[in-house]
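Engineer: Take this structure first; my questions come after.
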Amino acid sequence: MSLPPLLLRSPRHLRAPGRPRRLWWSPSLGPVSVGSWRGQSSKAPAYWNQVVSEAEKIVGYPTSFMSLRCLLSDELSNIAMQVRKLVGTQHPLLTTARGLVQDSRNNLQLRGLVVLLISKAAGPSSVNASCQNYDMVSGIYSCQRSLAEITELIHTALLVHRGIVNLSELQSSDGPLKDMHFGNKIAILSGDFLLANACNGLALLQNTKVVELLASALRDLVQGVYHENSISAKEDSITNDIGISTWKEQTFLSHGALLAKSCQAAMELAKHDAEVQDMAFQYGKHMAMSHKINSDLQPFIKEKTSDSTTFNLNSAPVVLHQEILGRDLWIKQIGEAQEKGRLDYAKLREAIKAGKGVTSAIDLCRYHGNKALAALESFPPSEARSALENIVFAVTRFS
């Protein structure tokens, strides 16, 4: 795949006036501008928070309160009371609940924010006036705001469901078995409740194409997560020969489909034509892929990483490292990193960092970032479009 030369626009406060932009070339990815990929390593918290905060002002209100109507319902309040019984255990549902309330990294509500931004960036359809009677606040139709909430409900439900514990692998430090079993029941119940609310919200939109898009996104999510779980459940998964093409297909299902199809659905609600819908889909897809690769890179690029920190052996840097190194040498590295039957992640991390997997993953992250920016070229210049661009710049910043 190759991307035609594209002059990327970086945020004004990152760009040096009058400075020529520089292109780098990746044999597999094509020319990509890196004039704006400077700053602290990866997605610097202060800069990322600033980008999200400014974007929230553009769409009208903080997206951290997007699902507040659902979260304050009597049913979920009762569930919250039950979750308190898990305090003192290591059940993942507690971490998920804490993250939903605090969201200190502004990651959990990102999907809804992007849906609102791309809705405002596209504006009303210029060829179909059937939406003119819809309520519009801050340049966004009320039905598009409802869609953003639905997207977040589906994503949150997935997070809750993914926190179900395998009771056969419990350790004594995790807490009593009965508490963990109870936590699983609450996770299933609360996740199903969020999905039920999302389905109800979809029905109220009264748009069959939007329902079809979001239903297919939910199907993709389940398929992607099922594949991840089936791979990790295999005893020999550590040496599975997973290529980057397969990784990208599965990552799109589990991490990209929901955002991509939600962005497309937002355009459908505003009655935009197929071309605009496709560009919104492409932005959502490539932005989500770039965001996922950034997350995968964190254990390898953070300045301070604990030796005991584990990482996913099916993450982008590891998969690329395997592919570049070759299967035989990869199996040899795995064997050298084994100590007393356990994998020494610190030793394996250093071996991966010494190869080309990490730099290739950074290239891939920037490639998807550029594809996302290219999709935005079809939208008119605006604050919302600039905010969407800034989000891409934030997730593709590396030192």
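The numbers here are math on the coordinates, done by the rules we state, and not lab data. Bear in mind that the values here come from a model prediction, so they are computed numbers and not experimental data. With ideal geometry, Cβ positions are generated from the backbone for all residues, glycine too; neighbour counts draw on all protein chains shown.
Engineer: Quick query: amide H of Ile164 versus all other amide H atoms, modeled in the peptide plane; which residues come in under 5 Å with a sequence gap of 5 or more or a different chain?
Structural biologist: Distant-sequence amide H within range of Ile164: zero hits.
Engineer: Ok, one more. How large is the dipole of segment 302-399 about the Cα centre if only Lys and Arg carry +1 and Asp and Glu carry -1, each at its Cβ, rounded to the nearest 20 debye?
Structural biologist: Details: 14 positive and 12 negative charges, 34 e Å.
For segment 302-399, the charge dipole is close to 160 debye.
Engineer: Further, regarding this structure: Quick one: grab the alpha carbon gyration tensor of segment 281-379, order the square roots of its eigenvalues as a ≥ b ≥ c, and give me rounded if a/c is under 1.5, else prolate or oblate depending on whether a/b is larger than b/c.
Structural biologist: The shape class here is prolate.
Engineer: At 0.36 nm per residue, minus the direct Cα-Cα distance, what do Ser146 and Thr359 gain on full extension? Give it in nm, one decimal, please. Before the final figure, lay out the partial values.
Structural biologist: On the way: separation 213, 0.36 × 213 = 76.68 nm, distance 3.95 nm.
Contour length minus the Cα-Cα distance gives 72.7 nm.
Engineer: Could you calculate the FRET efficiency of Thr208 with Glu377 from 1/(1 + (r/R0)^6), where r is the beta carbon distance between them and R0 is 30 Å, rounded to 0.05?
Structural biologist: Values: r = 30 Å, r/R0 = 1.01.
It comes to 0.50.
Engineer: Is any residue of segment 261-283 close enough, with backbone N under 17 Å, to a label point placed 7 angstrom from the Cα of His227 along the Cα-Cβ axis, and if so, which?
Structural biologist: 261, by backbone N distance to the label point.
Engineer: Can you give me the distance in nm between label points at Glu54 and Asn312, each placed 7 Å from the Cα along the Cα-to-Cβ direction?
Structural biologist: According to this spin-label approximation, the distance is 2.9 nm.
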